[in-house]
Amino acid sequence: MFLGHIDATGRILSQTQKSGSLILAVEIDDKLSRYIVEKGSVAIDGISLTVNKLEKGRFYVNIIPHTAGNTTLVMKKEADWVNIETDVLGKYVEKLLHSPRGIDKEFLTKHGFM
């Protein structure tokens, strides 16, 4: 879920055509990587996309023809900067884990999750 707030900017490292789709590799700050997961969601310039692959300091998304035809992403070039928003769920989980009354191993065990 996205709220429309930019978390950071990223830089397009590469654009590759594959099977009629465009694959973007986007470089991000390592600190932002903790909120991005493979098969999870990320927004680039406000467009919600699925993360195909995550590596240190970068992630990859697949732009299908419909998305390419209805957004401005195909106008971007390598080395262009884009706005990044991560899924808010990761931020909530992080907050709970670091809260004094948050979720820890004891809480998970007590409630049958471990």
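The values are calculated or read from the model by the stated rules, or taken from the named source; none is laboratory data. Note that the coordinates shown come from a computational prediction; the quantities given were computed from them, not determined experimentally. Ideal geometry is used to build each Cβ from the backbone, glycine not excepted, and the neighbour counts take in all protein chains shown. These area figures cover heavy atoms from the full protein model, side chains too; ligands, DNA and RNA do not enter into them. Shrake-Rupley method; radii C 1.70, N 1.55, O 1.52, S 1.80 Å.
Scan the range 69-92 residue by residue and report those that are under 24 Å from Val37 (Cβ atoms) and either part of a helix (DSSP H, G or I) or open to solvent by 80 Å² or more (accessible area, probe 1.4 Å) (or both). Across the range 69-92, the qualifying residues are Leu73, Trp81, Val88, Leu89, Gly90, Lys91, Tyr92. Taking the range 45-68 as the search range and keeping residues that are farther than 17 Å from Thr16 by Cβ and not small (Gly, Ala, Ser), which one is surrounded by the fewest Cβ atoms within 10 Å (Cβ to Cβ)? So, considering only residues that are farther than 17 Å from Thr16 by Cβ and not small (Gly, Ala, Ser), the one surrounded by the fewest Cβ atoms within 10 Å (Cβ to Cβ) is Lys56. The C-beta contact set for the range 85-114 (first residue within 30 Å of Arg58 (Cβ to Cβ) and of a type in the set (Ser, Thr, Tyr), second residue in a helix (DSSP H, G or I) and open to solvent by less than 100 Å² (accessible area, probe 1.4 Å), distance under 8 angstrom, 6+ apart or interchain) comprises Thr86/Leu32; Thr86/Tyr35.
For the structure I just gave you, tell me whether Asp7 is acidic (Asp, Glu), open to solvent by 10 Å² or more (accessible area, probe 1.4 Å) and touching a helix residue (DSSP H, G or I) at 6+ places or on another chain (Cβ under 8 Å). Steps first, please.
Values: acidic (Asp, Glu): yes; open to solvent by 10 Å² or more (accessible area, probe 1.4 Å): yes; touching a helix residue (DSSP H, G or I) at 6+ places or on another chain (Cβ under 8 Å): yes.
When the stated conditions are applied, Asp7 passes them.
Right, Val42: outside any loop (DSSP other than H, G, I, E, B), out of contact with any Lys or Arg (no Cβ under 7 Å at 6 or more places or on another chain) and open to solvent by less than 70 Å² (accessible area, probe 1.4 Å) or not? It is true that Val42 is outside any loop (DSSP other than H, G, I, E, B), out of contact with any Lys or Arg (no Cβ under 7 Å at 6 or more places or on another chain) and open to solvent by less than 70 Å² (accessible area, probe 1.4 Å).
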